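The values are calculated or read from the model by the stated rules, or taken from the named source; none is laboratory data. All figures in this text were calculated on a predicted structure; none of them were measured in a lab. Please note: Cβ atoms are built from the backbone with ideal geometry, for glycine as well, and neighbour counts cover all protein chains shown.
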Amino acid sequence: MKVDRGTETMIAEQINVDSAIATADDSQLVQVMLMLDGGHQCEIALMPDSPLLGELFQALTTEPEKSENKLFQIPIEEGNGALYFPSASLVAIATDPAVSLPIPEKPKPLETREDIEPDDPVQQLECQLNIYHKLEKLSPNYGKIERIPHVSGQEFLERFYIRNKPVIFTDLMDNWKALSLWNPQYFKEKYGHVTVGAQFNRESNEQYEWYREKHQKMVLFGEFVDQVLQGGETNDYYIGAYNGNFSREGFKRLLDDIELFPEYLTDTKDPHKTAFWFGPSGAITPLHFDILNTFLCQVYGRKRVRLISPNQKHLLSVYGKCYSNIDLENPNLERYPQLKDLDIMEITIGPGDVLFLPVGWWHQVRSLEVSISISYLNLAFENTFNF
Ligand SMILES: O=C(O)CCC(=O)C(=O)O
């Protein structure tokens, strides 16, 4: 017999078999040959109903990643020595005579609500979201975002708003002067002297949107336009979320070039509820959701919008309530394996398109070209929600 001198150190539980070694009469004993990693073997005699035999078979049948690492101690040399081996190194057992193996218990069939509902309320909510998501996917139109001409306020409310369903309106901006006026050159000529808030150095920080105040600086609009026109594709600078520019004197006049949607919005232009977005091709607004319903109105250039239904929120590694660590352009499946189940909708909006972004819908937005957009937050229907 050889003794393995392996150096197993992760000992969770030691099984001392001294007392389990049979002392009964030889005719009842089972000869048990243990075969170990590396070709080592050890023979012991045990009673057929000995708990140790059960333990040994259990060590043999448990998948390595599920097994607790146990250390067996087998007396040898008539009790003067011992063979120690970790459960994971047991590769086979031979017995003489054969013994009947314990039959594993079958899992109970699911019968009662208690069986299927986990106790943890968070898990219960996740199960509920999974159900809603499975149901929404049954629709033949799942994943398609309609592009339609405008409808009455009541119809919008019933078909989209209360159903929390995104839609693109194709004609709502037809009367906007901005559609024909606004472009980088126009901004530079007419508003180049105005001071605006813009984000810079975003590439240095993965959570640039969460830490946006650190990235926000005041610059002359004309200088920013030059940077956008000369800098090519980049996500390093952007007049992005919460820039506050419509509240700044000099910039406010741009509000005259855009119009409200009387059926869907409150009837005065509110600089605090109107946002201005301008930046280079490659500017990215990372994955987040808004705590109220909004319209994203595309004035110049195209944007790609990736959307995820709120029913998949639990897959998104959320931080700061409404931000996600996931980059949908480059999903890290190793770090977030749950993303393999994620359903993403992808649309492109161009000049004149108005995307209704329902509250709670996750979105990540990339400018495909130099881009100018407006978003409206002043919807005429109930638009305050608790998060
Ligand atoms: O256009 C963008 O870059 C982002 C728009 C957005 O995220 C929003 O309106 O909530």
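Annotation note: Cβ proximity below 7 Å between a residue of the range 343-360 that is farther than 28 Å from residue 333 by Cβ and a residue that is of a type in the set (Asp, Glu) (sequence gap 6+ or interchain) occurs for 359/290. From the residues in the range 186-209 that are more than 30 Å from residue 325 (Cβ to Cβ) and without any contact (Cβ under 8 Å) to a residue 12 or more places away in the chain, which one is surrounded by the most Cβ atoms within 10 Å (Cβ to Cβ)? Restricting to residues being more than 30 Å from residue 325 (Cβ to Cβ) and without any contact (Cβ under 8 Å) to a residue 12 or more places away in the chain, the top hit is 186.
Taken residue by residue, the range 312-327 has no member that is more than 24 Å from residue 123 (Cβ to Cβ), touching a residue at least 40 places away in the same chain (Cβ under 8 Å), in the same structural domain as residue 243 (by TED's automatic domain parsing) and touching a Cys at 6+ places or on another chain (Cβ under 7 Å).
On the stretch given as the range 357-387, residues that are within 11 Å of the ligand (Cβ to nearest atom) and either in contact with an Asp or Glu (Cβ under 6 Å, 6 or more places away or on another chain) or under 20 Å from residue 178 (Cβ atoms) (or both) total 10. Candidates in the range 234-245 are the residues that are assigned to a loop (DSSP other than H, G, I, E, B) and among the polar types (S, T, N, Q); of these, the one that is farthest from residue 210 (Cα to Cα) is 234. Every condition in (1) touching a residue at least 12 places away in the same chain (Cβ under 8 Å); (2) surrounded by fewer than 12 Cβ atoms within 10 Å (Cβ to Cβ) is met by residue 153 except one, and the failing one is (2).
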